[in-house]
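What follows is one structure encoded as structure tokens, with my remarks underneath.
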Amino acid sequence: MSDTATTNGQSTTDGVTEAWLAEAVVAESAEAIVVTDPDGIILLWNNGAAKIFGFSAADVVGQNLDVIIPEKLRARHWQGYQQTMLTGYTRYGDKLLSVPALHRDGHRLSIEFSVALLRDEADQIVGISAIMREVTERREAEKALRAKLSELQNRVGSD
């Protein structure tokens, strides 16, 4: 039976605090977990992000997200980001988004992600967190299946 207590508002089980658990989940997650400030500057970049995008935290913390956003999508991204900071609202908070991204070596990735606005005690946005998964292989397989289906439909339609 485990010992559960509350210390300074942090519940603990056998000495493991919620804060420690949260830090461990972020550090050990295979998914990329990235947090940016209201200006889009990277504050947190976990090991999952390093594996997916090829940049270490030391490479990107303090930079903006342009390091992983394809150039042709940057203007649209920043317009939406700034709108979210102005309004305090994102229509993507409860949706899984699929977008292209860039790896450090320049190759294109397909990622899916969800976002959450991070607010302080005064309800001011202090950042945005994104949890991302790399799905390039699956997207390529889906594309190949769609092409094959289209080819088969064209054959049946021409008979």
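Looking at Gly80, Gly62, which one is open to solvent by less than 90 Å² (accessible area, probe 1.4 Å) and either in a helix (DSSP H, G or I) or of a type in the set (Ser, Thr, Tyr) (or both)?
Every option except Gly80 fails the conditions.
Pairs under 7 Å by beta carbon, first residue farther than 18 Å from Ala24 by Cβ in region 43-69, partner of a type in the set (Asp, Glu) and not in a strand (DSSP E or B), six or more apart or different chains?
Taking only residues 6 or more apart or on different chains, the pairs are Leu43/Asp37; Gly54/Asp105.
Quick one: in region 85-126, which of the residues that are of a type outside the set (A, V, I, L, M) and touching a Pro at 6+ places or on another chain (Cβ under 7 Å) is surrounded by the fewest Cβ atoms within 10 Å (Cβ to Cβ)?
Going through the qualifying residues, I end up with Arg108.
Identify, by number, the condition in (1) open to solvent by 40 Å² or more (accessible area, probe 1.4 Å); (2) not in a helix (DSSP H, G or I) that Lys51 doesn't meet.
(2)
Within region 85-159, which strands (runs of 3 or more DSSP E) (wholly inside it) include 3 or more residues that are closer than 18 Å to Leu44 by Cα and under 13 Å from the mean Cα position of the chain (by Cα)?
The strands (runs of 3 or more DSSP E) meeting that bar are 108-119, 125-134.
If a residue must be modelled with pLDDT of 80 or more, farther than 24 Å from Leu102 by Cβ and of a type in the set (Lys, Arg), how many such residues does region 113-154 contain?
Matching residues across region 113-154 total 1.
The values are calculated or read from the model by the stated rules, or taken from the named source; none is laboratory data. From a predicted model like this one, the values you see are computed outputs, not experimental measurements. All Cβ positions, even for glycine, are placed from backbone atoms using ideal geometry, and neighbour counts span all protein chains on display. In case anyone asks, the SASA skips ligands and DNA or RNA and just uses the protein heavy atoms, side chains included. Shrake-Rupley method; radii C 1.70, N 1.55, O 1.52, S 1.80 Å.
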